[in-house]
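Scroll down for the structure; my scribbles are underneath it.
The values are calculated or read from the model by the stated rules, or taken from the named source; none is laboratory data. For clarity, every value in this text was computed on a predicted model and none was experimentally measured. Cβ: placed from backbone, ideal geometry, glycine included. Neighbour counts: every protein chain shown. Ligands, DNA and RNA are excluded from the accessible area calculation, which covers all protein heavy atoms including side chains. Shrake-Rupley method; radii C 1.70, N 1.55, O 1.52, S 1.80 Å.
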Amino acid sequence: MTVSASIKKPQRNPQLNSHGELIHLLSTEGLPKGIIHQILDTAETFLSVNDREVKKVPLLRGKSVFNLFFENSTRTRTTFEIAAKRLSADVINLDIARSSASKGESLLDTIANLSAMSADMFIVRHSESGAPYLIAQHVAPHVHVVNAGDGRHAHPTQALLDMYTIRHYKQDFSNLTVAIVGDIVHSRVARSNIHALTTLGVPEVRVVGPRTLVPGDLRDMGVRVCHDMSEGIKDADVVIMLRLQNERMSGGMLPSAGEFFKEFGLTEEKLALAKPDAIVMHPGPINRGVEIDSAVADGKQSVILPQVTFGIAVRMAVMSIIAGNEA
């Protein structure tokens with residue numbers, strides 16, 4: 001074997017073309033800092049569309065965007081649909097429960113058939129980690145894939161709208177302490193946020209939760225693991241609360257929702273440990289009285305509803321950027 005043959009070529013990031021441009025959005029892991037800033041800057045230009053009488057721009061006119069939600073999520077699907085329509089795309093929502101997938105057709109056969117209907121972009125939410133990657137490997141060069149959440153793996157647009165929200169209120173990432181609290185082990189949002197925050201240079205990222213809900217490998221990702229709420233949110237600039245994902249849990253991971261709230265639920269008293277100007281975020285849907293108290297969710301430090309508004313602009317930015325690049 002020659003020396004050159006024994007050297008493995010670095011694997012190309014499947015999200016980028018040979019020019020380093022974004023063609024799919026599959027994960028925040030490995031997403032270059034410059035592209036994250038490009039998405040956030042582009043999203044800022046789209047916020048003003050919300051204030052127009054006609055809330056549309058023609059950037060995706062004539063393009064067909066297929067929403068493929070193999071897993072339920074009204075909030076994410078709706079914001080993607082609004083974002084695509086504001087870009088003037090034709091949007092097709094698939095009723096997966098009654099689709100060919102429920103009749104035994106494979107995922108790739110479903111994609112092949114939809115591609116034959118002149119699809120330009122697939123927005124994919126799937127219970128299996130890696131499904132959007134598989135689709136991205138098998139679509140034509142002009143077709144783009146956006147991961148809207150896959151298993152426990154990634155939810156990149158949620159992380160990007162969270163980054164936009166943090167930048168909007170805090171301007172600079174370089175001096176922040178960010179605490180992510182709750183059901184970390186089942187959360188694709190937590191992992192996506194950790195990758196984005198560390199790429200953007202946040203010096204301290206903490207994950208906070210009971211031992212049963214915090215995976216053991218997170219220290220390898222450069223975060224501080226805390227099993228005490230007071231320690232976890234003390235002097236934090238940003239507190240991101242996560243939903244307890246009961247549908248993904250097996251028995252015995254928690255004594256009760258009430259016990260979880262007592263120890264890790266965000267109340268006004270606990271929030272007082274963070275910095276006075278700390279912001280409170282949540283990807284939704286909120287379980288009041290389980291991970292967050294209503295007084296906090298509706299309080300002056302909460303930016304949960306602005307996150308939703310920013311999410312439309314961020315998803316517009318992602319779709320417009322990838323649609324402008326060829327594989």
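Does Gly284 meet the test of being over 14 Å from the mean Cα position of the chain (by Cα) and within 25 Å of Leu26 (Cα to Cα)?
no
For residues that are open to solvent by less than 10 Å² (accessible area, probe 1.4 Å) and not in a helix (DSSP H, G or I), tally how many sit in region 27-51.
Going through region 27-51 one residue at a time, the tally reaches 3.
Across region 134-157, which residue is surrounded by the fewest Cβ atoms within 10 Å (Cβ to Cβ) among those that are part of a helix (DSSP H, G or I) and free of Cβ contacts under 8 Å to residues at least 60 places away in the same chain?
In this case the residue turns out to be His138.
Taking the condition of being modelled with pLDDT of 90 or more, aromatic (Phe, Trp, Tyr) and open to solvent by less than 20 Å² (accessible area, probe 1.4 Å), how many residues in region 221-265 meet it?
1
When you scan region 296-314, do you find a residue that is aromatic (Phe, Trp, Tyr), open to solvent by less than 50 Å² (accessible area, probe 1.4 Å) and at pLDDT 95 or above, even just one?
Yes, region 296-314 contains a residue that is aromatic (Phe, Trp, Tyr), open to solvent by less than 50 Å² (accessible area, probe 1.4 Å) and at pLDDT 95 or above.
Filter region 199-220 down to the residues that are part of a helix (DSSP H, G or I) and crowded, with 16+ Cβ neighbours inside 10 Å and list them by number.
Thr199, Leu213, Leu218
Taking region 177-194 as the region of interest, how many residues are open to solvent by 10 Å² or more (accessible area, probe 1.4 Å) and either under 25 Å from Pro276 (Cα atoms) or within 11 Å of the chain's Cα centre (by Cα) (or both)?
Total satisfying the criteria: 4.
So, Thr110, is that one surrounded by 14 or more Cβ atoms within 10 Å (Cβ to Cβ) and closer than 18 Å to Leu25 by Cα or not?
Considered against the rule, which asks whether it is surrounded by 14 or more Cβ atoms within 10 Å (Cβ to Cβ) and closer than 18 Å to Leu25 by Cα, Thr110 comes out as no.
Could you say which residue among Ile92, Ile123 is among the β-branched types (Val, Ile, Thr), open to solvent by 40 Å² or more (accessible area, probe 1.4 Å) and not in a helix (DSSP H, G or I)?
Just a single option satisfies the conditions, and that option is Ile92.
List the residue pairs whose Cβ atoms are under 8 Å apart, where the first residue sits in region 166-178 and is over 17 Å from Leu271 (Cα atoms) and without any contact (Cβ under 8 Å) to a residue 60 or more places away in the chain, the second is among the aliphatic types (A, V, I, L, M) and not in a helix (DSSP H, G or I), and the two are 6 or more positions apart or on different chains.
Phe173/Leu200; Phe173/Val202; Ser174/Val202
Considering only region 69-83, state which residues are in contact (Cβ under 8 Å) with a residue 40 or more places away in the chain and either more than 30 Å from Thr198 (Cβ to Cβ) or among the β-branched types (Val, Ile, Thr) (or both).
The answer is Thr76, Thr79, Ile82.
Can you tell me which condition Asp277 does not meet? The list is (1) in a loop (DSSP other than H, G, I, E, B); (2) at pLDDT below 95; (3) acidic (Asp, Glu), and all the others hold.
Condition (2) is where Asp277 drops out.
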